[in-house]
Amino acid sequence: MTDYTLISVPPGEERERFLSLLLLADESLEQVRSYMQSGELYALVGHDRTAVGIVLTVPAEHGAVELKAVAVDTAQQNRGIGRRLLAAVIEDLRKRGVRRAIVGTANAGIGQLAYYQKAGFRLLRIERDFFSPARGYPADMEDNGIRLRDMVWMDLEL
């Protein structure tokens, strides 16, 4: 990540410029708008301040932190940027005394499920019927030819 700098973006108007990356992590504009101004937004930016990746963390139960959104620009994927970004954020959380990180991803997100497990996350629980029109998701969403229905929750002891 020597060509990039990890910055923290405070809540406010500046977060709007990261909306497209947030929508890579969660396709529901309604959902993204509901949480994008909360928590801590880490952004990985280049020399020109263009963001290549983001991680939005929000406080969760019992002192844990939820990784609410994790995304790398599609043009920058498959270069190890996401792996290094996640490792840097996890290290920062450890330094700040956070003891546990949780993350939820779609049942059909095969790549995401592998990504988090490679980073040390373990399966925690499944929240059935999470991806529904009531939450702003289309009824017929698919990924990898699999209908998105359930949220798979994972955690990592820090």
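The values are calculated or read from the model by the stated rules, or taken from the named source; none is laboratory data. Keep in mind that what you see is a predicted model, and the values were worked out from it rather than measured. Methodologically, a virtual Cβ is constructed for each residue, glycine included, from the backbone with ideal geometry; neighbour enumeration extends over all protein chains shown. Quick note on the areas: whole protein, heavy atoms, side chains included, nothing else; ligands and nucleic acids left out. Shrake-Rupley method; radii C 1.70, N 1.55, O 1.52, S 1.80 Å.
Quick rundown of the values:
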{"item": "Low-density loop positions, trypsin sites (Lys or Arg not before Pro), the stretch 92-130 - DSSP coil, at most 15 other Cβ in 10 Å", "result": "Arg96, Arg99, Arg128"}
{"item": "Dipole magnitude (debye, nearest 20) for the stretch 41-158, charges at Cβ of Lys, Arg, Asp, Glu", "result": "400 debye"}
{"item": "Extended-chain gain in nm, criterion 0.36 nm per residue less alpha-carbon gap, Ser8 and Leu124", "result": "38.9 nm"}
{"item": "Sequence of Ile146, Ile102, Ile110 from largest to smallest accessible area, 1.4 Å probe", "result": "Ile110, Ile146, Ile102"}
{"item": "Distance in nm between pseudo-label sites at Ser20 and Arg99 (7 Å out along the Cβ direction from Cα)", "result": "4.2 nm"}
{"item": "Percentage of interatomic Cα-Cα distances in the stretch 33-83 larger than 18 Å", "result": "38 percent"}
{"item": "Surface share of carbon and sulfur [accessible, 1.4 angstrom probe, percent] for the chain", "result": "48 percent"}
{"item": "Computed over the stretch 1-149: relative contact order in percent, which uses C-alpha pairs under 8 Å that are six or more apart", "result": "20 percent"}
{"item": "Contour minus Cα-Cα distance for Asn144 and Ser38 (0.36 nm per residue)", "result": "35.1 nm"}
{"item": "Shape metrics for the chain, restricted to C-alpha atoms - Rg then Dmax, Å", "result": "15.0, 42"}
